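The values are calculated or read from the model by the stated rules, or taken from the named source; none is laboratory data. Predicted model only: the values in this text are computed from it and were never measured. Cβ sites come from the backbone with ideal geometry, for glycine too, and all protein chains shown count toward neighbours. Ligands, DNA and RNA are excluded from the accessible area calculation, which covers all protein heavy atoms including side chains. Shrake-Rupley method; radii C 1.70, N 1.55, O 1.52, S 1.80 Å.
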Amino acid sequence: MTAQLIANKSFTIVAENLDNPKGLTFAPDGSLYITEAGVGGDGASIPAPSGQGNLHYGNSGTICRIKNGAFERILTGLPSVAFPDGSGAAGPHDIQFDADGKAYVLLGYAANPAFRKSLGNSNLGTIATIDLNNNTLSSIADITNCKAINKIASSDNEVASNPLSLYVDNHKLVIVDAGANGLFSVNTDGSDLELIAAIPERILTNPIFPGAKSQNFDRGHVPAPGAYPQAPPQVSIQSVPTDVLKGADGAYYVCEFSGFPFPEGEAKIYKISANGELEVFASGFTQLIDMTFDAGGNLYVLQHMNQSGWKGKPDGALIKIAPNGERTTLIEGNGLEMPSALTIGADGDFYIINRGGRPGIGQVIRIENPTKNISRS
């Protein structure tokens, strides 16, 4: 397997000043839809899984649309939780369309399921449909309250549920929960919610832990700097799955961020059969956050950060994996900072959420695909 670097292309900003943008996709009519997780609010609060304070509830989540070059927040007032400064947000995380043009939105949660009731009827942790004629949202399935997650939560007080990514597979919706480390499916009518596969923890030997001067880059899910004055010789780390796709072979492909202390080169892509059997498809990545296939079967994977997040280096990368396994780094740094989502437009170019998971500075950028003529041949 060889690796090569293609010179970075300049990018075009198509939307900016976004609040914790998480997901994006093209609708059948060519409009680009974006989810903003919002900045929480001044409502009730729940403890963050990291122990670093409380997440506060508000109705600051939105669904945005870029149509004919015009940006608009078409659905506002959606549920959101975040720290008081707007960081660590969970809310509208992903949006996808089925073959008939029906829209589904995935609402995150990012906390222990037991605390959600204190927020009232928030719809956090659920899948909902959107009526784009009157811009209303209706919940159809509760991921955070499903039996599989409740079973885990009853035996582990530290469990969190955070539905993060959604894939439409004919009449099924497939979801990754980055908190519960599982792949779930549910029918598009909300029936038969079930766990397809649990992504296992694994043992990391001789881990490198952040020191007292490390960056507190994700205080919603990461212990405070200096919480571990001495790294243990071995540590169990969670998978933290972040995206799911279905390949031409009928298997699901799931990428992972990998859990604290976010070891470099340890993130994997799993191939999961319909009956839940796992195998490693590719490895050697760092903090994967999203991926997509093109028409030629090439898989593009997005690294949120190329180094362990606590090092404070925001550069991300876009990597192409050809059907024969050859990898090419297409974009690396040079303005690609903490990207959080990826899709390919009808023009063959990449549309990426840049500076994702940050209040007020999120962007959607377009980058010319330097291999699109090759990919479509």
| request: Return the residue satisfying two criteria in turn: it lies in segment 201-256 and is in a loop (DSSP other than H, G, I, E, B) and aromatic (F, W, Y), and of such residues it is nearest to L55 (Cα to Cα). | output: F217
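Table: residues versus (1) of a type in the set (S, T, Y); (2) out of contact with any His (no Cβ under 7 Å at 6 or more places or on another chain); (3) in a loop (DSSP other than H, G, I, E, B); (4) modelled with pLDDT under 95.
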{"position": "M305", "(1), (2), (3), (4)": "no, yes, yes, no"}
{"position": "G316", "(1), (2), (3), (4)": "no, no, no, no"}
{"position": "G335", "(1), (2), (3), (4)": "no, yes, no, yes"}
{"position": "L342", "(1), (2), (3), (4)": "no, yes, no, no"}
{"position": "R366", "(1), (2), (3), (4)": "no, yes, no, no"}
| field | segment 63-87: number of residues that are in contact (Cβ under 8 Å) with a residue 40 or more places away in the chain and either of a type in the set (V, I, T) or open to solvent by less than 20 Å² (accessible area, probe 1.4 Å) (or both) | value | 12
| query | Given P210, P232, P200, which one is closer than 22 Å to K313 by Cα and touching a residue at least 12 places away in the same chain (Cβ under 8 Å)? | reply | P210
| query | Going through segment 203-212 one residue at a time, which ones are closer than 29 Å to V81 by Cβ and either modelled with pLDDT of 90 or more or surrounded by fewer than 17 Cβ atoms within 10 Å (Cβ to Cβ) (or both)? | reply | A212
| note | N145 vs (1) polar (S, T, N, Q); (2) open to solvent by 40 Å² or more (accessible area, probe 1.4 Å); (3) closer than 17 Å to K22 by Cα: all pass except (3)
| said: Please verify whether G357 is in a strand (DSSP E or B) and either under 29 Å from P207 (Cα atoms) or open to solvent by 40 Å² or more (accessible area, probe 1.4 Å) (or both), treating the condition exactly as stated. | reply: no
| said: When you scan segment 35-50, do you find a residue that is in a strand (DSSP E or B) and within 19 Å of the chain's Cα centre (by Cα), even just one? | reply: yes
| Single match in G190, G179 (criterion: touching a residue at least 40 places away in the same chain (Cβ under 8 Å) and surrounded by 24 or more Cβ atoms within 10 Å (Cβ to Cβ)) | G179
| message | Filter segment 268-283 down to the residues that are assigned to a strand (DSSP E or B), surrounded by 14 or more Cβ atoms within 10 Å (Cβ to Cβ) and among the small types (G, A, S) and list them by number. | response | A282
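May I ask you to verify whether G43 is more than 21 Å from G360 (Cα to Cα) and of a type outside the set (K, R)?
no
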| message | Please pick out the residue among N59, N123, N54, N112 that is over 21 Å from the mean Cα position of the chain (by Cα) and either buried (at least 24 other Cβ atoms within 10 Å of the Cβ) or polar (S, T, N, Q) (or both). | response | N54
| task | Of all residues in segment 321-369, count the ones that are within 15 Å of L288 (Cα to Cα) and among the hydroxyl-bearing types (S, T, Y). | result | 3
| request: Identify the residue in segment 310-325 that is more than 17 Å from N369 (Cβ to Cβ) and touching a Ser or Thr at 6+ places or on another chain (Cβ under 9 Å) and, among all such residues, is surrounded by the fewest Cβ atoms within 10 Å (Cβ to Cβ). | output: G312
| message | If I filter segment 102-116 for residues that are part of a strand (DSSP E or B), more than 25 Å from S45 (Cβ to Cβ) and at pLDDT 95 or above, do I get at least one hit? | response | yes
| Do you know which residues across segment 309-325 are in contact (Cβ under 8 Å) with a residue 60 or more places away in the chain and in contact with a strand residue (DSSP E or B) (Cβ under 8 Å, 6 or more places away or on another chain)? | G325
| request: Take the residues in segment 326-350 that are over 13 Å from the mean Cα position of the chain (by Cα) and crowded, with 23+ Cβ neighbours inside 10 Å, then tell me which one is farthest from A90 (Cα to Cα). | output: I331
| note | Pairing a residue in segment 264-290 that is among the hydroxyl-bearing types (S, T, Y) with any residue that is open to solvent by 50 Å² or more (accessible area, probe 1.4 Å), where Cβ atoms lie under 6 Å and the two sit 6 or more apart in sequence or on different chains, gives Y270/L278; T286/E264
| note | Flagged in segment 88-100 as assigned to a loop (DSSP other than H, G, I, E, B), within 28 Å of P28 (Cβ to Cβ) and either touching a Lys or Arg at 6+ places or on another chain (Cβ under 9 Å) or open to solvent by less than 40 Å² (accessible area, probe 1.4 Å) (or both), in numbering order, are G91, D98
